[in-house]
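The values are calculated or read from the model by the stated rules, or taken from the named source; none is laboratory data. On a predicted model such as this, the values are computed, not experimentally measured, just so you know. No Cβ is skipped: glycine too gets one built from the backbone with ideal geometry, and neighbour counts run over all protein chains shown. Protein only, heavy atoms only, side chains kept; ligands, DNA and RNA dropped before computing areas. Shrake-Rupley method; radii C 1.70, N 1.55, O 1.52, S 1.80 Å.
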Amino acid sequence: MGIVQGATFADLRRESARQLLEMDFPGYAIGGLAVGEPHELTCEIAAEVSELLPPDRPRYLMGVGKPEQLADYVALGVDTMDCVLPTRAARHACLYTSEGRVLIKNARFAEDQNPIDGNCSCSVCRRYTRAYLRHLFAANEFTGAILATHHNVHFYLDIMRRIREAIEFGTLAKFSSEMRARYAAGPA
Ligand SMILES: [Zn+2]
């Protein structure tokens with residue numbers, strides 16, 4: 001896979017893409033973004049590069065993103081992404097749910113017998129309570145991080161499943177604004 005570089009300089013991006021296209025890769029990545037710049041700028045550059053890439057080759061946007069941003073990248077023509085966020089957040093007891101983010105260490109979950117997310121079909125949500133997860137984190141038991149990671153990764157994969165569904169039904173823009181409303185507020 002050829003990686004298009006050039007930071008936020010459109011001319012360098014174009015030149016990088018031109019040279020890589022000459023080499024005729026089976027797929028193309030957009031690198032050097034999501035390094036702290038605003039989401040709007042990431043989208044602007046990703047859109048610029050995406051337009052230069054052949055439609056019949058997979059496009060990989062490296063290092064993104066937050067749950068509420070994934071649909072935006074897909075709308076720009078991105079096929080695949082990777083990110084530390086679901087696993088890193090999980091290790092810090094931050095869980096993604098259909099109601100927004102949950103910091104499971106919070107004392108209010110001490111007696112909570114509900115699953116992390118009642119709408120999640122992952123094996124953690126089917127077996128364990130919020131109170132148990134909170135206990136594991138409070139006791140510095142590493143199983144807490146493992147279970148939280150399993151849930152968060154499942155959550156991300158479910159977002160991608162819902163994005164594919166939204167594309168089929170022509171409702172990607174609506175899905176995107178719903179996700180923004182739910183997750184844009186609060187901690188990352
Ligand atoms: Zn779950």
- prompt: Any idea which of ARG126, ARG88 is over 30 Å from SER16 (Cβ atoms), among the basic types (Lys, Arg) and open to solvent by 20 Å² or more (accessible area, probe 1.4 Å)?
  reply: ARG126
message: Between VAL35, VAL78, VAL49, which is open to solvent by less than 30 Å² (accessible area, probe 1.4 Å) and assigned to a loop (DSSP other than H, G, I, E, B)?
response: VAL78
field: Neighbours by Cβ (under 9 Å, 6+ apart or cross-chain): first from the range 131-156, closer than 16 Å to SER98 by Cα and in contact (Cβ under 8 Å) with a residue 60 or more places away in the chain; second more than 11 Å from the ligand (Cβ to nearest atom) and outside any helix (DSSP H, G or I)
entry: ASN152/CYS94; TYR156/CYS83
- prompt: In the range 54-73, which residues are in contact with a Leu (Cβ under 8 Å, 6 or more places away or on another chain) and open to solvent by 10 Å² or more (accessible area, probe 1.4 Å)?
  reply: PRO54, ARG59, MET62, GLY63, LYS66
query: Can you find a residue in the range 159-167 that is away from the ligand (no atom under 16 Å from the Cβ), in a helix (DSSP H, G or I), modelled with pLDDT of 95 or more and among the acidic types (Asp, Glu)?
result: yes
- line: Of the residues in the range 84-103, those that are among the β-branched types (Val, Ile, Thr) and more than 12 Å from the ligand (Cβ to nearest atom) number 2
message: Between a residue in the range 103-123 that is in a loop (DSSP other than H, G, I, E, B) and any residue that is near the ligand (Cβ under 8 Å from one of its atoms) and open to solvent by 30 Å² or more (accessible area, probe 1.4 Å), which pairs come within a Cβ distance under 6 Å, given they are 6 or more apart or on different chains?
response: CYS122/HIS154
